[in-house]
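To keep things clear, I will list the structure first and then write my remarks on it.
The values are calculated or read from the model by the stated rules, or taken from the named source; none is laboratory data. Being a predicted model, the structure only gives us computed values, none of them experimental. FYI the Cβ positions are ideal-geometry reconstructions off the backbone, even for glycines, and counts take in every protein chain you see.
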Amino acid sequence: MFNTKAGASKLLIGVVIGLIAVKAVVAWLTGSLSVVAQATDSLLDLIAGIVTFLAVRMAARPADKEHPYGHGKWEDIAGTAQGILIMAAGGVIIYASMRRILTGAVVELTEVGIVAMAVSIVASVLLSRHLLKVARATGSVALEANARNIAADVYTASAVLVGLVVLRLTSLSYIDSAVAIGVAGYVIWLGYRTISRPLSGLVDARLSPEQEAVIGDCLGAYATQVAGFHKLRTRRAGSHYHVDLHLVFDRKISLERAHEICDRVEADIKSRLPGSSVIIHPEPCDGRCEQCSVICASRKDSHSPSPE
């Protein structure tokens, strides 16, 4: 149930709502700004989860007349929006923390905050691992962004937990605000990381070297049937990959045979890169046989003995 994109998104929303409720109550009881920072972070996770759920549904829609390349970029849009929200929240927390240091407000009932942070850490670890597992299985950029956001909660909640323990033992009120500033700094850095990958999809950056190497391996298997390839172009839209290239064939090969080989190459690439859309343009060779390993009529004719 929770191993699909939509199912994982629903699980994310449910768990995060529960964490927000717990942290909001604890923040109200204790007056801890670091707990407020954690609650704000979880609220952003909820917003991101809702955005991801909607984006995943829209990205899963098939290509249509108005969107012939599909709707995969909705996932990239969602991931970028999440990063912007995260960075903005970090800035707000830093501002509030500086004001708290100047006013010197007191934190109460630190024991309640300590228990709440411990619960948050356990829940975040389990949730982030599951989201990352589903993201890798489905290739979802938006889910991966959410998994990293939740994973960051483990570090920020741990920092808040340590800060509350120190505050409980020492009664140094500025510790809470100092921890909140540290958490906010990490949140801003995480927002930057969250933006980087989906933004590359929005600007049509090429696939990774590892993914393009997979395409090269697929083409290499046809070295005796295809004279070469060029004009390879790749890009990503959410969890969908788009590949187009030119395949060079023997001038005397039949159109039917060339089409058959193109179909086989396309199928191989799709099997190695699930979610791929492949376009292949066949074209004739230039007649230079020195670097070619294709077994064709021209090569046989050039190597046949001349009549006496």
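Screening the candidates V226, V183, V179 for the property of being surrounded by 20 or more Cβ atoms within 10 Å (Cβ to Cβ), in a helix (DSSP H, G or I) and touching a Leu at 6+ places or on another chain (Cβ under 9 Å) yields one hit, V179.
For (1) among the hydroxyl-bearing types (S, T, Y); (2) closer than 30 Å to V165 by Cβ, each residue gets a yes or a no:
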position	(1), (2)
G182	no, yes
I188	no, yes
G191	no, yes
T194	yes, yes
P198	no, no
A205	no, no
G216	no, no
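The requirement of being more than 30 Å from I84 (Cα to Cα) and surrounded by 15 or more Cβ atoms within 10 Å (Cβ to Cβ) is not satisfied by V243. Looking across region 27-47 at every residue that is farther than 15 Å from I93 by Cα and crowded, with 24+ Cβ neighbours inside 10 Å, the one that is farthest from the chain's Cα centre (by Cα) is identified as T30.
Just a yes or no: is a residue in region 183-195 in the same structural domain as I84 (by TED's automatic domain parsing), of a type in the set (S, T, N, Q) and under 19 Å from the mean Cα position of the chain (by Cα)? Checked against the condition, which is being in the same structural domain as I84 (by TED's automatic domain parsing), of a type in the set (S, T, N, Q) and under 19 Å from the mean Cα position of the chain (by Cα), region 183-195 yields at least one hit. For R233, the stated conditions do not hold, so it cannot be described as outside the structural domain of R61 (by TED's automatic domain parsing) and more than 17 Å from E266 (Cβ to Cβ). Looking at region 197-204, can you tell me whether even one residue there is closer than 30 Å to S32 by Cα, touching a residue at least 12 places away in the same chain (Cβ under 8 Å) and in the same structural domain as A78 (by TED's automatic domain parsing)? Looking for residues that are closer than 30 Å to S32 by Cα, touching a residue at least 12 places away in the same chain (Cβ under 8 Å) and in the same structural domain as A78 (by TED's automatic domain parsing), one finds none in region 197-204, hence no. Look at (1) farther than 30 Å from L46 by Cβ; (2) not assigned by TED's automatic domain parsing to the domain that holds D263 and you find that T224 fails only one, number (2).
S158 meets the conditions (1) surrounded by 16 or more Cβ atoms within 10 Å (Cβ to Cβ); (2) at pLDDT below 75; (3) small (G, A, S) in every case but one. The failed one is (2).
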